[in-house]
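Inspection log for the structure reproduced underneath, given as C-alpha cells.
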Ligand code: 2AL
C-alpha cells in the first residue's frame, strides 16, 4: 500500500489496514483522522507523535496482543504471524537460553505485574535476555517508560512495513 491509497480509503477501511500495528483503537482512529499525509515520513512522524501520548492503561491494553518472548503467538491472524516473524531469533534458541528466558519472564511478571515487552526484530535471544535482566533492576516508573518506548518501536516498525 502507498500513503496515497491510505489517504483515499474510507475511514473504516483505513482502520482495518493498520489494525495489526497495535491493539489500541484510539491510536488507530487518531492516525486515520489525521489523514491526508503528504508522504510516508509525514505519516510515520504523526504515528510516532500520537504514540508518545500512551500511558499505563494503553500499555496494559496493547500487551494483550503480544505473546511472551520465546512463546508462540496464539491464533493465526496477521498479528500472530508478525509476532512469530519478529521473534524469529528465539525460534531456534538452545534449551538453556529458552529456559533462561522463561525464568526471566516469570521474574519480570512477579516484579512488574505485566508481560515483559521488547522490540524483538533485530535482536538476538541473548540480547533480549540481557535486556530482561537489566530492566529487572529498574524502578517501576522507569520500567513503565521503557516498556512504552518498546511498544512504540514495535508499532512504528509494523507501520513502516505496511507501506511501500
Ligand atoms: C513481542 C512481539 O510479539 N513482537 C515483539 O517485537 N515483541 N513480544 C514481547 N513480549 O516483547
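Throughout, read-outs are computed from the coordinates displayed, never taken from laboratory work. On a predicted model such as this, the values are computed, not experimentally measured, just so you know. Backbone-built Cβ (ideal geometry, glycine too); neighbour counts: all protein chains shown.
Points to keep in mind about this one:
- Annotation: for a label point projected 7 angstrom from Cα along Cα→Cβ of residue 16, residues of the stretch 61-105 with backbone N closer than 20 Å are 76-82.
- Cα-based Rg / Dmax (Å) for the stretch 98-164: 12.8, 41
- MRE, 222 nm, helices only [DSSP H, n ≥ 4, -39500 (n - 2.57), over the chain, to nearest 500]: -20000 deg cm²/dmol
- Distance between the stretch 103-164 and the stretch 1-72 - C-alpha centres, whole angstrom: 19 Å
- Given their separation in residues at 0.36 nm each and the Cα-Cα distance between them, residue 126 and residue 162 gain 10.1 nm when the chain is fully extended.
- Degrees separating the helix 95-112 axis from the principal Cα axis of the chain, which is the longest one: 70 degrees
- Inter-site label distance for residue 96 and residue 34 at 7 Å from Cα along Cβ, in nm: 4.5 nm
- The stretch 14-164 - Debye-derived log10 I(q)/I(0), Cα point model, q = 0.16, 0.17, 0.20 Å⁻¹: -0.88, -0.99, -1.29
- The stretch 1-68: equivalent-ellipsoid semi-axes (sqrt of 5 x gyration tensor eigenvalues, Cα, Å): 22, 13, 10
- The chain: angle of helix 125-136 to the longest principal axis, Cα-based, in degrees nearest 10: 80 degrees
- Counting every other Cβ atom within 10 Å of each residue's Cβ, 22, 106, 90, 115 order from fewest to most as 106, 115, 90, 22.
- Taking the longest Cα principal axis of the chain as reference, the axis of helix 140-162 is set at about 50 degrees.
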